[in-house]
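What follows draws every value from the coordinates through simple rules; no lab data is involved. Fair warning: this is a prediction, and the values are worked out from it, not measured in the lab. FYI the Cβ positions are ideal-geometry reconstructions off the backbone, even for glycines, and counts take in every protein chain you see.
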Amino acid sequence: MQYDFFLAEDALFPKMVVVSITNICNYLCTQCFYPRYIKQPEYHRHDMVMAVFCRIADELGRHHSSILRFIAWGEPLLHPDVVEFMQYARRVAPGNLVTLITNGYWLTPDRSHALMAAGLNLVEISIDAATPETYHRVRVSCNPDAFSKVEQNVKKMVSQRNNFEFRTRIVVSFIVYPSKESEAEYVLFEQKWNGIADEIIRRPVHTFKGSVQLIKKQMSAPRPPCYGLWARCNINPWGQVNVCYNDWENKYVLGDLRNPATSIASIWQGRILTRLRAAQCKGVFEGICAGCHDYNPDAWSHPYEQVVSRCYIK
Ligand code: SF4
């Protein structure tokens with residue numbers, strides 16, 4: 001297989017701009033790096049400031065085929081200005097698809113309505129369980145009602161979307177562990193959400209560079225280059241661009257969008273990423289990628305962009 005940009009324009013600007021808008025969460029999930037992240041002495045809460053987000057959205061608006069994805073090193077709906085960010089993005093980047101991943105706890109009817117009215121194209125709610133027992137084991141929350149609240153939020157959002165004729169696509173996701181129990185629960189999850197959610201996404205478990213050692217992942221050999229380097233620009237809550245969304249410790253920074261001389265395009269086309277891509281094509285994995293077990297070899301044939309592109313289906 002030839003590993004390269006699919007389209008010439010992808011070499012100029014990333015297919016997907018992944019913006020982590022905050023670094024706080026209301027959960028302490030066992031499968032996430034967050035509980036370890038907040039114990040680091042340097043940790044302090046930071047919400048992306050509007051001026052930084054505006055720079056990102058303004059540049060994105062000049063590249064209509066690029067997708068904006070709101071994420072967090074935590075939970076994006078805990079950013080106090082998430083709706084304003086969405087509204088601004090829609091104003092300056094009207095042709096770009098805008099997506100959001102959330103744990104769904106704060107996806108209350110008011111917030112859902114505001115996000116859909118602002119023009120959110122796709123929301124992914126990561127639920128990861130079909131039963132309250134599994135939910136409370138993996139998604140550690142101080143709220144005993146968390147599982148039922150998330151399920152109700154999603155169902156209310158679907159009916160709100162239908163009643164108000166919003167176009168937002170609502171998808172739910174489940175992280176499957178390599179065990180019979182997890183596979184069986186995924187089947188239950190599918191039965192539960194079939195006909196309610198627009199799509200059900202199955203995700204492999206993630207180790208966050210091996211920091212969350214839930215399983216020993218079997219990776220493909222020979223190791224292919226990581227699709228992310230050809231398709232994702234990852235921006236942290238301060239406005240720095242990281243090699244990977246996995247870099248919560250912020251050790252592999254490619255540039256800083258607070259610097260007026262820097263842009264997403266210049267970092268994307270820059271020397272460091274070009275060198276990392278060329279090295280990976282030769283089977284050399286450096287820096288954060290050296291010990292990574294979280295790259296997805298299937299992403300080259302089944303990228304997440306396929307899920308997002310279904311927003312165009314009437
Ligand atoms: S190989 Fe791993 S660390 Fe490197 S970009 Fe891909 S997912 Fe991130």
(message) Through the Karplus equation 6.51 cos²θ - 1.76 cosθ + 1.60, θ set to phi - 60°, convert the phi angles of segment 163-175 into ³J(HN,Hα) values in whole Hz; use x for Gly and Pro.
(response) 5, 8, 6, 6, 9, 4, 8, 10, 10, 10, 10, 9, 8
(request) List the residues of segment 84-122 whose backbone N lies under 16 Å from a point placed 7 Å from the Cα of residue 50 along the Cα-to-Cβ direction. (result) 84-92
(message) Which three extents, in angstrom, do the Cα atoms of the chain have along their principal axes, listed largest first?
(response) 48, 45, 43
(request) Could you give me the radius of gyration and the Dmax of segment 1-70, taking only the C-alpha atoms into account and expressing both in angstrom? (result) 16.5, 44
(message) Please compute the Kirkwood hydrodynamic radius over segment 73-114, one decimal place, Å, based on all pairs of different Cα atoms.
(response) 11.2 Å
(request) Divide by every residue of the chain the summed helix terms, -39500 (n - 2.57) for each DSSP H run of at least 4, and state the resulting mean residue ellipticity at 222 nm, rounded to the nearest 500 deg cm²/dmol. (result) -9500 deg cm²/dmol
(request) Treating cross-link reach as a plain straight distance, find the aspartates and glutamates whose alpha-carbon is under 14 Å from the alpha-carbon of residue 15, omitting any fewer than eight places away in the same chain. (result) 4, 59, 305
(message) Please list, in order along segment 102-115, the HN-Hα scalar couplings obtained from phi with the Karplus expression 6.51 cos²θ - 1.76 cosθ + 1.60 (θ = phi - 60°), rounded to whole Hz, x for Gly and Pro.
(response) 8, 7, x, 5, 9, 7, 6, x, 4, 5, 4, 4, 4, 5
(request) For segment 23-173, report the translational diffusion coefficient in µm²/s to the nearest whole number, using Stokes-Einstein at 4 °C, 1.567 mPa s, and a Kirkwood Rh over Cα pairs. (result) 80 µm²/s
(message) What FRET efficiency comes out for residue 30 versus residue 202 if R0 is 30 angstrom and r is the Cβ-Cβ distance? Round to the nearest 0.05.
(response) 0.95
(request) Return the whole-Å distance between the Cα centroid of segment 234-284 and the Cα centroid of segment 1-59. (result) 11 Å
(request) Place +1 on the Cβ of every Lys and Arg and -1 on the Cβ of every Asp and Glu in the chain, take the dipole about the Cα centre, and give the residue among 242, 140, 204 whose Cα lies farthest towards its positive end. (result) 242
